[in-house]
Amino acid sequence: MKLTQQQLDFFDTFGYLSFPGLVSDVIDEIIDAFEEIWASQGGGHHGRPHDEKRRSCIVPFIDQHPQLCALLDDERIHGILAGLLGDDFNYSGSDGNYYAGNTQWHSDGWGKDIRFVKIAFYLDEITKDTGCLRVIPGSHRLEDRFANRVQDAIKQSTDEWGLQGEEIPAQALETKPGDIVCFNHNLKHAAFGGGSRRRMFTINCSQRFPNDRLDDLRTYIAGHARFWNEHLYGKTMLETASPQRMVHLEQGRDNCDHLPKLVRKAMSDMEEPSRG
């Protein structure tokens, strides 16, 4: 699969792409793998079942099942990522989620000059009224006056524009299982009106970091310590990796040696309140 120039231009301009039915041929296997991972975790992260009141999240996610690891090798997923990030792109992590309620407007990054892209797999049919992804086209462009205005004002949308979050003009990307949505990490996105058990997982990737920017990569990786994982990638992801997949893992694998110390600190900080 190779993205067309029109698709590349659309992504540069608006910050997202959608692919209806792209993986509908394997969606049943994907859903089975999703459920197997949650069952293996006792129904939730660190064995805490999803309480249907707030988001539950497992990180890393696709790394824990061979079927989902192989999505990085799928010519369709690989083609999208290579087209947007280059043939030597980095796999930078994944998360599996049960969502509950609204997700307010936010970006997954802001100010990065290295492009990060998220591919989202929604495993339930969702509409604009039942929690589908909403995006503000063009809000990812760091150098753009419009995007910077949105960045500055959107968290105070009631005061700034007289609009509640769900009233902000946006594109609603309604999906069915088998559809794929892809967007720039800087893009403003949200979800409103959804139920309490919306299933979704993501694959996050970036352009390869130049050698003189490896400190920035290590800083990004350090953010994973809050999930208490001492390695950026899961064991299954590495053990099942082909030489082609290793191209996308090697830079992250070689720059995550600081995670164990950071994880120990994160765990210690969590314990501090109970000690008092």
Pairs of alpha-carbon atoms within less than 8 angstrom and 6+ residues apart define the contacts here; what relative contact order does the range 125-201 have, in percent?
53 percent
Pairs K53/K261; K53/K235; K188/K265; K128/K155: which are spaced more than 28 Å apart, C-alpha to C-alpha?
K53/K261; K53/K235; K188/K265
Computed magnitude of the charge dipole of the chain (debye, nearest 20; Cβ of K, R +1, Cβ of D, E -1):
620 debye
About the Cα centre, charge dipole magnitude for the range 169-276 (Lys/Arg +1, Asp/Glu -1 at Cβ), debye:
340 debye
Per the charge dipole of the range 158-220 (beta-carbon charges, Lys/Arg positive, Asp/Glu negative, Cα centre), the residue among N204, L187, A170 reaching farthest to the positive end is N204
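In terms of the Cα gyration tensor, with a ≥ b ≥ c the square roots of its eigenvalues, is the range 84-243 rounded because a/c is under 1.5, prolate because a/b exceeds b/c, or oblate?
Numbers: a/c = 2.01, a/b = 1.32, b/c = 1.53.
It comes out oblate by the Cα gyration axes.
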Rounding to the nearest 20 debye, state how big the charge dipole of the range 42-150 is about its Cα centre with +1 on each Lys and Arg Cβ and -1 on each Asp and Glu Cβ.
600 debye
Stretchable slack from N148 to Q6, in nm (0.36 nm times residue separation minus alpha-carbon distance):
48.6 nm
Cα lying deepest toward the dipole's positive end in the range 114-163, options L133, T158, A120, charges on Cβ:
A120
Distance between modelled label sites at Q171 and R264, nm, 7 Å Cα→Cβ extension:
4.7 nm
Given a 1.4 Å probe and the protein chains all in place, what does the accessible area of Y98 round to, in Å² to the nearest 10?
10 Å²
Just grab the label-to-label distance for T236 and D28, each label 7 Å out from Cα along the Cβ direction, in nm (one decimal).
2.0 nm
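From largest to smallest, what semi-axes in whole angstrom does the chain give when each is the square root of 5 times an eigenvalue of its alpha carbon gyration tensor? It would help to have the intermediate numbers written out before the result.
Details: eigenvalues 140, 110, 94 Å².
Output for the chain: semi-axes of 26, 23, 22 Å.
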At what distance in angstrom do the alpha carbon centres of the range 198-276 and the range 105-133 lie from each other?
20 Å
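Take peptides 65-72, 247-254 and line them up by average Cβ neighbours within 10 Å, highest first, as a rough protection proxy.
Values: 65-72: 20.4, 247-254: 17.9.
With the highest mean Cβ count within 10 Å placed first, the list reads 65-72, 247-254.
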Estimated [θ] at 222 nm from DSSP helical runs (n ≥ 4, -39500 (n - 2.57)) normalised by residues in the chain, nearest 500:
-9000 deg cm²/dmol
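Before I look further, what does the range 63-123 give for accessible area per residue, probe 1.4 Å, in whole square angstrom?
Numbers: 1870 Å² over 61 residues.
About 31 Å² of surface per residue is accessible.
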Which residue fluctuates the most in the chain, going by a Gaussian network model with Cα springs under 10 Å, if the choices are T175, T202, T13?
T13
Share of accessible surface on carbon and sulfur in the range 114-225, whole %, 1.4 Å probe and ligands ignored, is 44 percent
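The values are calculated or read from the model by the stated rules, or taken from the named source; none is laboratory data. This structure is a prediction, so every number in the text was calculated from the model and none was measured. Glycine also receives a Cβ, built like all others from the backbone with ideal geometry; neighbour counts cover every protein chain displayed. Accessible surface is based on the protein model in full, side chains and every heavy atom, while ligands, DNA and RNA are left aside. Shrake-Rupley method; radii C 1.70, N 1.55, O 1.52, S 1.80 Å.
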